[in-house]
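Notes follow the structure.
Values quoted throughout were computed directly from the atomic coordinates according to the rules given, and no laboratory measurement underlies them. Please read all numbers here as calculations on a predicted model, not as lab measurements. We place every Cβ from the backbone using ideal geometry, glycine too, and count neighbours over all the protein chains shown.
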Amino acid sequence: MVVRMACTLGFSVWQIRRAAALVAALALWIVLTSGGVKTATAAAANCPGNPDALGTSRVLTVDMSTPRVGRKHFPTTLPLTDKEIVLTFDDGPLHGPTNRILDTLKAECVRATFFLLGRMTVKAPDLARRELAEGHTVAHHSYSHPPLGEMKPDKAMIDIDLGFSADDTALYGKASSAPRTPFFRFPGFVSSQVLLDRLEARNIVVFGADVWASDWDPMTPSDQLHLVLSRIRHSHGGILLLHDTKQQTAAMLPDFLRALKAEGFKVVHVVPRH
Ligand SMILES: [Zn+2]
């Protein structure tokens with residue numbers, strides 16, 4: 001009887017242990033599965049319709065601790081790590097290529113910076129507002145793209161300020177004496193020390209670039225893609241200068257963003273400190 005009871009008891013304990021192990025395994029499976037679902041859902045939520053999107057890896061706040069950035073033109077650049085890239089587009093907005101570029105960036109959930117020309121903004125204010133609405137940084141590139149550094153400083157500043165006010169009026173409905181996003185890029189990178197000093201005194205960060213796409217030279221989208229990829233591989237990232245007015249750039253951008261993803265580059269979105 002004692003043996004039978006022990007035997008029965010022993011069997012029951014084994015059964016309980018086995019059941020407990022099964023329950024634990026089931027619980028682990030549920031946790032792992034729900035975790036996986038959660039991760040996939042988060043990725044899909046981060047970029048609706050494209051769980052394999054390149055995305056934007058981080059946001060970098062840029063202020064007067066780095067008043068001039070871009071090694072092509074200045075001694076220093078942004079504090080980026082290896083294979084981090086900042087996408088910048090100049091000279092727009094322009095109906096056609098800018099729309100196409102915005103569509104591509106949206107599909108990949110990538111945030112970029114647009115340096116607007118005031119005279120283009122007044123012709124396509126809806127596009128400037130779309131850039132802003134879709135989370136991009138919208139910055140400034142003068143009103144009429146003159147060689148500012150070769151002009152009298154006062155005259156140059158008039159063109160710069162006209163650009164600020166044209167852009168901000170389109171973007172926000174009004175302009176004040178200081179641009180809402182205090183980022184500026186000189187047309188053709190033609191600057192002068194006096195203009196750099198004046199912008200610095202107004203707490204405006206001047207962007208150069210680390211890498212040029214040279215998309216001002218006409219070429220096929222395929223040649224453009226190979227050129228920019230080879231330069232980015234060589235530089236390991238940095239501030240890349242593109243032009244959203246160029247069809248060859250708009251055409252190669254989807255393949256370029258796919259290649260960045262495949263090769264492990266990370267997109268950094270630069271924003272002003274507010
Ligand atoms: Zn330009």
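So how do 61-70, 244-253 stack up, highest first, on mean other-Cβ count within 10 Å? It would help to have the intermediate numbers written out before the result.
Values: 61-70: 16.0, 244-253: 23.1.
Descending packing order for the listed peptides: 244-253, 61-70.
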Exercise. For the residue pair residue 57 and residue 169, what label-to-label distance in nm results when each label sits 7 Å from Cα along the Cα-to-beta-carbon direction?
Worked result: 4.1
Problem set entry | Prolate/oblate/rounded label for the stretch 80-147 (Cα gyration tensor, a/c 1.5) | oblate
Problem set entry | Whichever aspartates and glutamates have a C-alpha closer than 14 Å to that of residue 123, once near sequence neighbours (fewer than 8 apart) are set aside | 91, 167, 168
Seminar exercise, completed: Restricting to Cα pairs under 8 Å and 6 or more apart, the percent relative contact order of the stretch 73-224 works out to 20
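What net charge do the residues around residue 105 carry, taking every other residue with its C-beta under 12 Å from that of residue 105, with Lys and Arg at +1 and Asp and Glu at -1? Can you show the working numbers first?
Numbers: positive: 100, 106, 111, 130; negative: 103, 108, 131, 134, 244.
Once positives and negatives cancel, what remains is -1.
I want the local charge near residue 85. Using Cβ-Cβ distances under 10 Å, sum +1 for each Lys or Arg and -1 for each Asp or Glu among the other residues. Intermediate values should be presented prior to the final figure.
Working: positive: 83, 266; negative: 84, 210.
Computed value for this residue: 0.
Rounded, prolate or oblate for the stretch 202-250? Axes are the square roots of the Cα gyration tensor eigenvalues, ordered a ≥ b ≥ c, and the cut-off for rounded is a/c under 1.5. If you can, show how the numbers build up before the last one.
Numbers: a/c = 3.44, a/b = 1.50, b/c = 2.30.
Oblate shape, in that a/c is at least 1.5 and b/c is the bigger or equal ratio.
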Problem set entry | Nitroxide proxy distance, nm - points 7 Å out along Cα→Cβ at residue 134 and residue 71 | 3.0
For this session: Would you mind checking the stretch 235-274 for residues with the amide N under 14 Å from a putative spin-label position 7 Å along Cα→C-beta of residue 222?
Result: 252
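State the extension gain, in nm to one decimal, for the chain segment bounded by residue 230 and residue 192, taking 0.36 nm per residue of separation less the distance between their alpha-carbons. Walk me through the intermediate numbers first.
On the way: separation 38, 0.36 × 38 = 13.68 nm, distance 3.11 nm.
Taking residue 230 through residue 192 to full extension adds about 10.6 nm, to one decimal.
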